[in-house]
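Asks: Sending over a structure as structure tokens; questions will come in a sec.
The values are calculated or read from the model by the stated rules, or taken from the named source; none is laboratory data. Quick caveat, the model's predicted, so the values are computed rather than measured. Areas reflect the complete protein model, heavy atoms only, side chains present, ligands, DNA and RNA absent. Shrake-Rupley method; radii C 1.70, N 1.55, O 1.52, S 1.80 Å.
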Amino acid sequence: INDESRGVIENVLSDEECNELIHLQRTHSVIGYVPKYTVTSMREILAHSRPQDLLPLISAREKIRSAVETYFNREFSLLFEWTVLSCWFPGSSISPHSDSNRDYLKQRHFTSILYLNTIGEDFTGGEFHFVRNSKSPIQPKKGLLVAFTSDHEHYITTVETGFRYTLTVWFTLDPVYLEDIRFVKSVCLDSFVGHVDVYDIEENRGGSDFFSIWDEKIRIFGVRLCKEFQMNWNKILIESTSDGSVIPKVFGNIHDAFSLASFCLWKFNELGGVQCTSTAGISRNVA
């Protein structure tokens, strides 16, 4: 599909970089703008009081900018408009659209999507299609980048199984819309601290059932929770698969507990077989 307005670039990020970004997305995610879809931006990371988690995201988006500028011969001209880590859950999809199809999105000139995991290995469904002049879909692959001018219409087929992770970076040529300036202003005004709770649960569009981030994270991490204390959990138990021992750890909030659960999934092999299993649990601390 490579031409002057769109292209595919391989190996932009390493496997380890992709795995770390998946960990950040799982830890800090909030409800997105389509059903069964969660997002993590720099705002959410800082709202959880984890500024150190910004570093791998900032490093990744710089590598993406370099790749996109080189491909489109736009060296030193692309500015970050918005950066977001996403998880597409089973049942999620998005219909044909362009990323600059609204008046409030006209400043978006280039779109880049970096795939953090691989279709067929980590999830099924979720293929990326261009609407015009495209004979075959793009098959998501860890470290693969698809970049295009933001007026290109595209869509994503329904994710059938697994969890589809991406890092999307939109670029602008207009410094008025620079993401970093808006982010710094938000920090100075404290306009987003504590905002994440309102995004924990949403009612599915077109149905009466609810989509809970906590329920979905439980499903990813494989931990067992006590429902009656859903918003007050602060103790997580992690069972070692090597000897069956249980490692207790007390946390001040549920975000830190889930961060450790995600870390164990990310570092499973390096930690010698410690993982979150179905026999682990998160419960209310009554001490």
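Asks: Heavy atoms only, 1.4 Å probe, whole protein assembly: order 128, 163 by accessible area, highest first.
Replies: From most exposed to least exposed: 163, 128.
Asks: With every protein chain present, what is the per residue accessible area of the range 1-77 (1.4 Å probe, Å²)?
Replies: Per residue, the range 1-77 has an accessible area of 44 Å².
Asks: Filter the cross-link list 63/185; 142/185; 185/267; 36/142; 135/267 down to pairs whose alpha-carbon distance in this structure exceeds 31 Å.
Replies: Pairs exceeding the cut-off: 142/185; 185/267; 135/267.
Asks: How many angstrom lie between the Cα centre of the range 128-183 and the Cα centre of the range 96-111?
Replies: 11 Å
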